[in-house]
Amino acid sequence: MSTDTASHGPRIYRGLNHKEGIGWIAGMTPVQAFLLIAVCAPALIAMSRNQWSATLGWGLFAAFVAVLILVPVHGRPAFRWLADLTMFQTGVLMRWSPWQSRAAAGLAGDRSEPDLPGVLARLEFPDGPEFLGSRICLIHDTAEGRWGATAKLTHSGVGMLSDDECERLASRLGSMLVGLGHREIVDRVSLCVRTVPDDGTEYSVWRDRHQRGDAPALARQVTAEIDRDVASVSVRTELFVTVSGTEEALRRPAKAAGGGITGRAYALYRLLEGVADGLRGLGVTSVTWLTSTGVAEAIKTGFNPAAAASLSFRHLTSPDPDGTVGLPISQAGPALAPTPAARAYHHDGFSSVSYAVQPPESGTIFGSLGPLLAVRTAGERRTLAVHYEILSAAEGSRVVKSDRFRNNVLVDAKAARGFNTTEIDSRRQRGAREQEAAVAAGHAVVRYTVASSITVPADWNVEDHAARLENDASGRFRLLRLELAQDSAFVAAALPVGIGLPRQKRAFTA
């Protein structure tokens with residue numbers, strides 16, 4: 001996705017959305033091309049020696065292997081499925097996959113040391129210096145060398161907005177991403193939206209504090225019945241944003257600010273106010289950067305939606321006004337994550353199914369992902385996460401030039417050999433030229449991924465609810481179920497820690 005900042009404001013180029021990893025060699029990656037040549041070589045050698053029976057045998061074998069290498073099945077070629085299945089089963093057989101928290105095992109640990117499963121084990125959560133009256137929790141991804149921070153947002157929603165208002169919000173989002181790209185410190189922004197089954201805990205505490213002793217008994221009874229019926233079907237949403245930057249981008253400003261964790265925190269703090277201002281332009285009414293207890297509670301309620309009620313009750317009834325009664329980071333994870341299943345992720349008495357959301361290449365409008373958050377049954381929880389990565393100006397320029405050159409080579413090669421060019425080839429060629437012109441004018445190239453998940457109690461049939469989510473996406477988006485990687489997909493879709501974008505490949509989404 002690229003951002004156009006022409007006279008009418010930035011907008012999304014509908015038609016310049018490209019998948020990553022499109023191969024240079026007739027659509028094949030270099031590895032696929034090498035394997036294909038290797039399996040075809042025996043047939044070609046036999047043909048050169050006029051050994052026709054051997055040629056036929058090797059040709060059939062090469063055709064079979066080529067299908068396994070090239071033909072995608074639910075997003076992955078058969079060889080990739082085989083490799084992923086081998087790694088998955090190895091983890092299960094070697095007992096690497098099952099996970100149990102220290103608290104569930106009765107082991108003592110440091111309250112400031114995280115105890116998280118799977119891909120989350122690589123994260124650290126040091127406290128930064130004071131910022132706007134509190135010590136913000138930094139999220140340090142030790143595997144990718146990234147530093148980030150998470151904020152909880154309050155937004156009125158976009159469901160009742162007109163198309164013009166949605167277009168205006170999309171323009172402001174593009175402006176915010178372009179501005180971050182020009183700073184070249186924060187290059188990733190992750191938005192996470194989660195529905196929260198509202199059990200009425202906050203209202204119950206408020207009503208107990210304001211209850212009148214002389215109220216009529218009948219009025220009390222009717223009010224209690226209404227509250228009970230409404231609470232069983234009420235749904236709230238919570239919205240988080242996570243911003244992060246690489247160690248390389250933060251090293252110099254962090255050194256100027258004193259170095260270490262404090263220096264990296266100050267380097268991030270200089271961008272946080274600008275991010276908050278950009279979010280307010282998108283309709284966000286409040287931005288609260290989370291402390292370590294806030295991050296712990298966001299992760300805990302992601303794994304266990306039922307924990308939200310007890311945590312909310314603890315805050316509302318605590319006599320400590322400064323909020324230090326929060327959950328320690330050591331208790332943020334689930335108590336138990338048993339042996340993972342291939343098609344679902346089971347955690348703390350809940351089951352989740354996660355998907356990669358594939359928008360149409362023709363583009364979409366702001367707010368069109370809303371149906372994926374439409375809860376169909378009281379008690380289920382839906383989540384949606386959009387992860388953006390803004391490429392630097394130099395990197396974006398290299399990407400669009402490479403994309404334009406590749407598309408021109410493919411079209412010219414087909415034309416020179418007498419093959420017809422398809423409309424898809426022509427559209428990609430035009431889009432690559434327009435995209436290069438936009439980037440040359442100072443606009444940005446943004447990688448993005450979209451993930452969605454649905455969570456239900458473990459004793460429910462999770463497949464029924466997953467089918468309803470797929471029905472809500474039908475005709476709008478394509479949902480790709482991330483089988484054999486449901487634990488990592490759950491983190492990308494439901495937890496506001498900034499994990500969700502794969503490593504950069506040779507080609508980029510633009």
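Enumerate lysine pairs in the chain that are 8 or more residues apart or on different chains, then count those whose Cα atoms are under 21 Å apart.
On the way: K19/K401; K19/K505; K152/K300; K401/K414; K401/K505.
Summing the qualifying lysine pairs gives 5.
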In whole Å, what are the extents of the stretch 369-464 along the principal axes defined by its C-alpha atoms, from largest to smallest? 61, 35, 19
Relative to the first principal axis of the alpha-carbon coordinates of the chain, what is the inclination of helix 30-48, with its axis defined by its Cα atoms, in degrees from 0 to 90 and to the nearest 10? 30 degrees
Is any residue of the stretch 437-455 close enough, with backbone N under 14 Å, to a label point placed 7 angstrom from the Cα of T364 along the Cα-Cβ axis, and if so, which? 448-453
What is the ratio of the Cα radius of gyration of the stretch 79-186 to 2.2 N^0.38 Å, with N the residue count, to two decimals? 1.61
Add -39500 (n - 2.57) for each DSSP H run of 4 or more in the chain, then divide by its residues: what number comes out at 222 nm, to the nearest 500 deg cm²/dmol? -14000 deg cm²/dmol
Send over the per residue convex hull volume for the stretch 355-421, Cα only, as a whole number of Å³. 143 Å³
Please determine, in degrees from 0 to 90 and to the nearest 10, the orientation of helix 247-256 with respect to the longest principal axis defined by the Cα atoms of the chain, where the helix direction is its Cα long axis. 50 degrees
Loop chymotrypsin sites (Phe, Trp or Tyr not before Pro), the stretch 402-507, which have at most 11 other Cβ atoms in a 10 Å radius of their Cβ (DSSP): F419
Find which of W58, A276, F303 sits farthest along the positive direction of the dipole of the chain, computed with +1 on the beta-carbon of Lys and Arg, -1 on that of Asp and Glu, about the Cα centre. W58
Quick check on the chain: what are the equivalent-ellipsoid semi-axes from the Cα gyration tensor, as sqrt(5λ), descending, whole Å? 44, 28, 24
Tilt, helix 260-280 to longest principal axis of the chain (alpha-carbon atoms), in degrees rounded to tens, equals 90 degrees
Along the charge dipole of the chain, which of G379, C192, T29 sits closest to the positive end, that is, farthest toward it, with unit charges on the beta carbon of Lys, Arg, Asp and Glu (+1, +1, -1, -1)? T29
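Using alpha-carbon pairs under 8 Å, 6+ residues apart, how would you state the relative contact order of the chain in percent? If you can, show how the numbers build up before the last one.
Details: 876 pairs, mean separation 120.2, N = 510.
Relative contact order of the chain: 24 percent.
On the protein heavy atoms, probe 1.4 angstrom, tell me the percent of accessible surface of the chain carried by carbon and sulfur.
Details: 14690 of 25510 Å².
Here it works out to 58 percent.
How much FRET efficiency would the formula 1/(1 + (r/R0)^6) give for V235 and S310, where r is the Cβ-Cβ distance and R0 is 25 Å, rounded to 0.05?
Details: r = 19 Å, r/R0 = 0.75.
Computed FRET efficiency for V235 and S310 comes out at 0.85.
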Length released on extending from V409 to L218, taking residue separation times 0.36 nm less the Cα-Cα span: 60.8 nm
Total charge dipole magnitude, the stretch 132-226, about the Cα centre, Cβ charges on Lys, Arg, Asp, Glu only, Debye to nearest 20: 400 debye
About the Cα centre of the stretch 22-150, how large is the charge dipole given +1 on each Lys and Arg Cβ and -1 on each Asp and Glu Cβ? Please answer in debye to the nearest 20. 600 debye
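The values are calculated or read from the model by the stated rules, or taken from the named source; none is laboratory data. Keep in mind the model is a prediction, meaning the values are calculated, not measured. Note: ideal-geometry Cβ built from the backbone for every residue, glycine included; neighbour counts use all protein chains shown. Note: areas computed on protein heavy atoms with side chains; ligands, DNA, RNA excluded. Shrake-Rupley method; radii C 1.70, N 1.55, O 1.52, S 1.80 Å.
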